[in-house]
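Taken together, the values in this text are just the output of simple stated rules run on the coordinates, not laboratory data. From a predicted model like this one, the values you see are computed outputs, not experimental measurements. Cβ coordinates were reconstructed from backbone atoms using ideal geometry, including for glycine residues, and neighbour counts include every protein chain displayed.
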């Protein structure tokens with residue numbers, strides 16, 4: 001059984017999916033990131049608030065979000081090294 | 001400047017550098033926590049900041065003693081230094097032993113208070129013993145983590161924290177030979193340098 005993702009991994013997955021699929025609809029984003037509608041919306045609201053993604057039904061990653069994606073990779077590696 | 005005073009000032013400068021390193025790492029983990037809202041990330045940040053504060057207090061203590069503001073070794077600042085450091089290690093244990101029940105955590109708090117009490121009575125010996133024991137749990141966790149992941153960064157974290165733990169162990173040897181005081185400082189410096197290298201590698 002695969003291990004439960006932490007929130008940093010989920011944020012990384014959402015941003016990466018949006019980067020790879022710029023025209024993705026929310027329903028497909030939900031399937032690709034393996035999140036429920038409620039959880040995905042919770043994360044997206046947070047990311048919209050931080051100006052990392054934009055849009056409603058068709059969500060896109062912002063330039064700030066792309067920059068942050070690189071940052072998230074570093075953060076993941078850092079927390080991974082501590083086993084967290 | 002007398003050699004003893006020079007050495008003490010160098011020691012203070014090192015403590016300030018260690019404060020900057022641990023505080024920077026704590027701030028970085030806090031930044032991660034801002035996005036993740038993860039309890040574990042918050043605890044790691046708190047632990048780093050507490051350890052950083054203890055170094056800052058120690059540097060202040062050295063400076064105050066060198067300049068004649070304070071006399072003796074067991075001043076209030078020593079107690080604050082020990083308290084910050086032990087509390088930082090206790091938070092690390094709470095995190096890596098995944099302690100969620102306050103009944104278990106309270107045992108650690110009792111140990112922490114006992115260490116503070118004994119530091120006032122005797123010397124820093126009990127502080128080092130408790131520090132060594134408290135750090136052994138995170139080090140074992142990092143060892144397991146390294147065995148699982150086999151990455152350079154997990155190895156650096158393991159070596160860094162194992163070094164910090166060993167620097168506390170080497171304090172016991174001071175009873176055998178006073179000159180070993182330098183060994184523990186050297187081990188600690190190398191250990192934190194490894195953590196700095198780890199931080200730089202990740203953020204380069």
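If I filter region A:22-42 for residues that are surrounded by fewer than 18 Cβ atoms within 10 Å (Cβ to Cβ), within 13 Å of another protein chain (Cβ to nearest Cβ), free of Cβ contacts under 8 Å to residues at least 60 places away in the same chain and over 30 Å from residue B:158 (Cβ atoms), do I get at least one hit? Yes, region A:22-42 contains a residue that is surrounded by fewer than 18 Cβ atoms within 10 Å (Cβ to Cβ), within 13 Å of another protein chain (Cβ to nearest Cβ), free of Cβ contacts under 8 Å to residues at least 60 places away in the same chain and over 30 Å from residue B:158 (Cβ atoms).
For region A:1-21, the set of residues classified as surrounded by fewer than 17 Cβ atoms within 10 Å (Cβ to Cβ) and in a helix (DSSP H, G or I) consists of A:7, A:9, A:16, A:19, A:20, listed by residue number. The residues of region A:66-81 that are surrounded by fewer than 16 Cβ atoms within 10 Å (Cβ to Cβ), in contact with a helix residue (DSSP H, G or I) (Cβ under 8 Å, 6 or more places away or on another chain) and more than 8 Å from chain B (Cβ to nearest Cβ), listed by number, are A:66, A:73.
Within region B:33-45, being under 22 Å from residue B:139 (Cα atoms), at the interface with another protein chain (Cβ under 8 Å from one of its Cβ atoms) and either assigned to a helix (DSSP H, G or I) or touching a strand residue (DSSP E or B) at 6+ places or on another chain (Cβ under 8 Å) (or both) holds for B:40, B:41, B:44. Of the residues making up region A:51-65, those that are surrounded by 14 or more Cβ atoms within 10 Å (Cβ to Cβ) and assigned to a loop (DSSP other than H, G, I, E, B) are A:52, A:59, A:62.
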